[in-house]
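What follows is a single structure, written as structure tokens, with notes after it.
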Amino acid sequence: MAFTCYVCGQSFKKRFNLDRHLQSRHRSLKSFKCERCEHEFTREDNYKVHVKHWICTLKRPASDAENIHPNKKLKSYSIKHCDECHKDIDLNKYPGHLKSLEHKNNCRFRTLNAKIEEIKSAFKNRIKTYRITPNESYYDITECLSGLRPEVEDILAETAGKLSSFKYNLELFAKYYKPIEMSDVKSFNTKNIIYCAESGDLEGAYQQFENMIKTKSEEFQSKGSGWSLEKILFLEVNINKYKPIGGSSYIPLPKWLTNKKAIINIQNEDQACFAWAVIAALYPREYFQHPYRTSSYPDYKEVLKFDGIEFPMKLSDIKKFEKINPLISINVFGVEGETVNLFSIKFPPT
């Protein structure tokens, strides 16, 4: 059965294709118009996508100089509507808007107790954000972070009970002032630290966070800008997605890492990836000696001790490995994204 367009006579095998043809080719039949930018769509599905994301292209208002030359073409710009703040934002400034204090205040939606609130987040890999507001006023970062530490550890411990692994970081918001009666809110965040159920150390990471925030605050005040700390407002704890690594068999490296020619990735067929990596470090080979082959190295069983350790290796077994091989110290690093953004994976004290 064929479906024929009554306007132009073109035939289609499926009714869906005919409907799509009518919407896209014959504008006079029906159109869908955006109420913000007045852009018209001939297909309803494209209109719905546009409305869902609210990314509109508008003409920039003419300046006085441009009004003198009315024939000059105005530049267009795109906007995105923020549902939480009920306002249109320049698309280039939208990521910054999501981090602004105004947006975060509008995203508060659940109070957990007198100090802790849960904040909605629009970031793709963000699981949850918690805001901890102190009951008392703090004017010193060290004192504030020490006072809020129990709440941070409670949040992380609760998250660890639900997720076997995640990334987390802190962001401190504080009000700064200048002698000329000017004030502004600044925030200082930390890098992400990995938590794994097998190797997480919630308490050990807190001192690192404190040092990062203090350093950023001191650098900000020492740049000669004239800003001084007036009052600490609150601390946010961000819980982010993390896909943990695990020792196993050979896994090809991402192309951008392979191209650096700085990493030896042993092509083993067993589950002893960790063991072969250690052997490759102990017995370096030149490129012409095929350093990626297991046959280029001595058998790891004859060199290393793995008493009580099973393969594939768990992160928590690395401390055990170092104890029975006292001359070897292991550092584990991960790579995030497609840039050189290394992060260290921590192990609990033994």
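The values are calculated or read from the model by the stated rules, or taken from the named source; none is laboratory data. A quick note: this is a predicted structure, and the numbers were derived from the prediction, not measured. Because the Cβ atoms are built from the backbone with ideal geometry, glycine has one as well, and the counts that use them run over all protein chains shown.
Does region 303-311 contain any residue that is crowded, with 18+ Cβ neighbours inside 10 Å, in contact with a Phe, Trp or Tyr (Cβ under 6 Å, 6 or more places away or on another chain) and not acidic (D, E)? Break it down stepwise before answering.
Our first condition is that a residue be crowded, with 18+ Cβ neighbours inside 10 Å; within region 303-311, this holds for 304, 306.
From the residues that got through so far, the ones that are in contact with a Phe, Trp or Tyr (Cβ under 6 Å, 6 or more places away or on another chain) too are none.
For region 303-311, residues crowded, with 18+ Cβ neighbours inside 10 Å, in contact with a Phe, Trp or Tyr (Cβ under 6 Å, 6 or more places away or on another chain) and not acidic (D, E): absent.
Condition (residue is modelled with pLDDT under 90 and assigned to a strand (DSSP E or B)) applied to region 145-160: is it met by at least one residue?
Checking region 145-160: not a single residue is modelled with pLDDT under 90 and assigned to a strand (DSSP E or B).
Check whether at least one residue in region 150-163 is farther than 22 Å from S225 by Cα, free of Cβ contacts under 8 Å to residues at least 60 places away in the same chain and more than 26 Å from the chain's Cα centre (by Cα), and report yes or no.
The answer is no; no qualifying residue exists.
Can you find a residue in region 156-174 that is of a type in the set (A, V, I, L, M), in contact with an Asp or Glu (Cβ under 8 Å, 6 or more places away or on another chain) and farther than 18 Å from I119 by Cβ?
no
Just checking, which of M212, M182 is modelled with pLDDT under 85 and over 30 Å from K305 (Cα atoms)? Don't jump to the end; show me each part of the working.
Working: M212 fails: modelled with pLDDT under 85.
Answer to the check: M182.
Filter region 206-237 down to the residues that are of a type outside the set (S, T, N, Q) and under 22 Å from I127 (Cβ atoms) and list them by number. Step through it out loud before you land on a result.
To start, the set of residues in region 206-237 that are of a type outside the set (S, T, N, Q) comprises 206, 209-210, 212-214, 216, 218-220, 223-224, 226-227, 229-237.
Matches in region 206-237: Y206, F209, M212, I213, F234, L235, E236, V237.
Only one of C56, C85 is farther than 30 Å from A2 by Cα, at pLDDT 75 or above and among the hydrophobic types (A, V, I, L, M, F, W, C). Can you tell me which? Before the answer, list the steps.
Numbers: C56 fails: at pLDDT 75 or above.
Selected residue: C85, the only one of C56, C85 that is farther than 30 Å from A2 by Cα, at pLDDT 75 or above and among the hydrophobic types (A, V, I, L, M, F, W, C).
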